[in-house]
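Peer 1: Okay, here's the structure, questions in a sec.
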Amino acid sequence: MIFLKLGGSAITDKTRDATARVDVIRRVAQEIKAAQVRQPALHVLVGHGSGSFGHFAAKKSGFGERGNWRAYAYTGAVATRLTRILTDIFIAAELPVVALQPSASAICRDGELVRMAVEPIELALVHQLVPLVHGDVAFDETREMTICSTEKIFAYLAPRLKPTRIILAGIVDGVYTADPLHDASAQLIREITPATFPQIESRLRGSHGVDVTGGMIDKVKRMVALVEQMPGLRVQIVSVGMLARVLMEEDYREGTIIRAN
């Protein structure tokens, strides 16, 4: 069982409103299909970030302002447009994806996911389908509304579905001390554990482009907490260009690895 997140930075142009990188999505679909052909027992749950779809919509509409339910509806609608693009491309590549909209059942409390329907995802996996979830809007018992990122969804599902690996595929080759696209001095961090994270945290920077979910720091922090909770789990942060190898080779060690020890 692998959880695979396709980062919004990889499958969209996060500097341009609602701009999907269709060529990248097609290549990813082919690589997942190839991995399943070579490993028939492989179960994959795919999640994707909202990139320049949901993040731009949230910024533009004033999402998060109390009582601004038009922004909630608008941001959710734009986020699902990207899911539709992925679904069509994956089906064309003969990947039997089933898009499961998180906001249909997700309930958050003060920004954290506390309830979400898991049984439809479990049934999809039993029937050899590929569940597709995504960063989405969600009702929040404290804040009225919040953004439920793919990492929050993975952290909620992991203890229930027990993946052996989580792969986060973005635009850069792992976690850096600064944005490597704009800072030549940025250094790749090869490994992060709960013990080393406090020293690393102050050196991390936010994600490239518009991001309303906290950027790279929040992603890493959530994954560190998850491996601490599930010591047998390994999280690997790579570029989407590494995806074919990281899917095929369980001991592939490029990128940044987050693990318990």
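Peer 1: Can you tell me which residue among Ile25, Ile32, Ile85, Ile91 is farther than 20 Å from Arg222 by Cβ and either free of Cβ contacts under 8 Å to residues at least 24 places away in the same chain or of a type in the set (D, E, K, R) (or both)? Can you show your working first?
Peer 2: Values: Ile25 fails: either free of Cβ contacts under 8 Å to residues at least 24 places away in the same chain or of a type in the set (D, E, K, R) (or both); Ile32 fails: either free of Cβ contacts under 8 Å to residues at least 24 places away in the same chain or of a type in the set (D, E, K, R) (or both); Ile85 fails: either free of Cβ contacts under 8 Å to residues at least 24 places away in the same chain or of a type in the set (D, E, K, R) (or both).
Just a single option satisfies the conditions, and that option is Ile91.
Peer 1: Against the conditions (1) farther than 29 Å from Glu144 by Cα; (2) touching a residue at least 24 places away in the same chain (Cβ under 8 Å); (3) small (Gly, Ala, Ser), where does Ala41 fall short? Just the number, please.
Peer 2: Answer for Ala41: the failing condition is (2).
Peer 1: Can you work out which of the residues in the range 218-233 that are outside any helix (DSSP H, G or I) and of a type in the set (A, V, I, L, M, F, W, C) is farthest from Ile167 (Cα to Cα)?
Peer 2: Just the residues of the range 218-233 that are outside any helix (DSSP H, G or I), to begin with: 230-233.
Imposing the further condition that a residue be of a type in the set (A, V, I, L, M, F, W, C) reduces the set to 230, 233.
Working: Met230: 15, Leu233: 11 Å.
Selected residue: Met230.
Peer 1: Moving on to the next point. The conditions are (1) at pLDDT below 95; (2) within 19 Å of the chain's Cα centre (by Cα), and Gln36 fails exactly one of them. Which is it?
Peer 2: The one condition Gln36 does not meet is (2).
Peer 1: Next question. Sort out which residues of the range 39-61 are part of a helix (DSSP H, G or I) and of a type in the set (Ser, Thr, Tyr), and write them in order of number.
Peer 2: Applying the first criterion (part of a helix (DSSP H, G or I)) to the range 39-61 yields 51-61.
Ser52, Ser61 - these are the residues of the range 39-61 that are part of a helix (DSSP H, G or I) and of a type in the set (Ser, Thr, Tyr).
Peer 1: Could you list, in sequence order, all residues of the range 234-252 that are touching an Asp or Glu at 6+ places or on another chain (Cβ under 6 Å) and either part of a strand (DSSP E or B) or over 15 Å from Ile32 (Cα atoms) (or both)?
Peer 2: Hit for the range 234-252 is Ser239, nothing else.
Peer 1: Those residues that are more than 16 Å from the chain's Cα centre (by Cα) and part of a strand (DSSP E or B), I need them from the range 159-176; list them, please.
Peer 2: Tyr176
Peer 1: In the range 66-94, how many are out of contact with any Asp or Glu (no Cβ under 6 Å at 6 or more places or on another chain) and either at pLDDT below 95 or under 21 Å from Val22 (Cβ atoms) (or both)?
Peer 2: Kept after step one, since they are out of contact with any Asp or Glu (no Cβ under 6 Å at 6 or more places or on another chain), are these residues of the range 66-94: 67-78, 80-94.
Now restrict to residues that are either at pLDDT below 95 or under 21 Å from Val22 (Cβ atoms) (or both): 77-78, 80-94.
Count: 17.
The values are calculated or read from the model by the stated rules, or taken from the named source; none is laboratory data. If you're wondering where the values come from, they're calculated on a predicted model, not measured in any experiment. Here the Cβ is made from the backbone with ideal geometry for all residues, glycine too, and neighbour counts use every protein chain on show.
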